[in-house]
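Asks: One structure, pasted below without further comment.
The numbers here are math on the coordinates, done by the rules we state, and not lab data. The structure displayed is predicted, hence computed values, not measured ones. Quick reminder, even Gly has a Cβ in these numbers, built from the backbone with ideal geometry, and neighbours come from all protein chains shown.
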Amino acid sequence: MSQHPPTLDDPSAAAKALAKLTVAELRHRYAEVFGELTRSNHKQHLIKRIVWRVQALREGGLTERARRRAVELADEAEIRLTAPRARANGPGTVVAAAFEAGRSSSFPKPGAVIRREYKGRPVVVRVLPRGFEYEGEVYRSLTAIARKITGAHWNGVSFFGLPSARGKKSAEVDA
């Protein structure tokens, strides 16, 4: 096995040095910096991941502010709980759940009712401790309800006009 690449202070130089290694050597280097094995045999992917990991270890990773922002962005995101199963007659079923990152203090509390009108029709949603009730069904996110109502992807907070980071509010909320 050849020697390890020079220090990774310069990502470009480090990538060039890593490019001279074989895939087996890159997999070994990956295991050293990540502390776990990889199943990947994609040389460019391994190089990028190794350079990224060494930089993250050296520089300390994400700031607390970046971590908080990531949680805000993921708040309404649906995450996959299981891998889709391939079927002969079509795509697999996806089981998803809302990411539980906690709600901001300005978000309506459980028991509150959110009201808005969409295309002349009243929309009434009850906030639950872990989800939302709309027309007798429980949804894991406001985004899922907005998708059900409109047939298109909407950010649930925006669709219902709830307070956002910008402080806008247009929906009627009864506590």
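Asks: With each pseudo-label sitting 7 Å past Cα toward Cβ, what's the Val23-Ala152 distance in nm, one decimal?
Replies: Taking the simple label geometry, Val23 and Ala152 are separated by 4.4 nm.
Asks: Additional query: What is the calculated FRET efficiency for Glu32 to Ser12, with r their C-beta to C-beta distance and R₀ = 30 Å, to the nearest 0.05?
Replies: After rounding, the FRET efficiency stands at 0.90.
Asks: Extending each Cα 7 Å along its Cβ direction at Leu73 and Arg130, get the distance between those two points in nm, one decimal.
Replies: Label-label distance for Leu73 and Arg130, simple model: 2.7 nm.
Asks: Using r as the Cβ-Cβ distance of Lys109 and Leu57, and R0 as 30 Å, what FRET efficiency do you calculate, to the nearest 0.05?
Replies: For R0 = 30 Å, the calculated efficiency reads 0.15.
Asks: Distances over 11 Å make up what percent of all Cα-Cα pairs in the stretch 11-59?
Replies: Values: 741 of 1176 pairs.
The proportion of pairs with Cα distances above 11 Å equals 63 percent.
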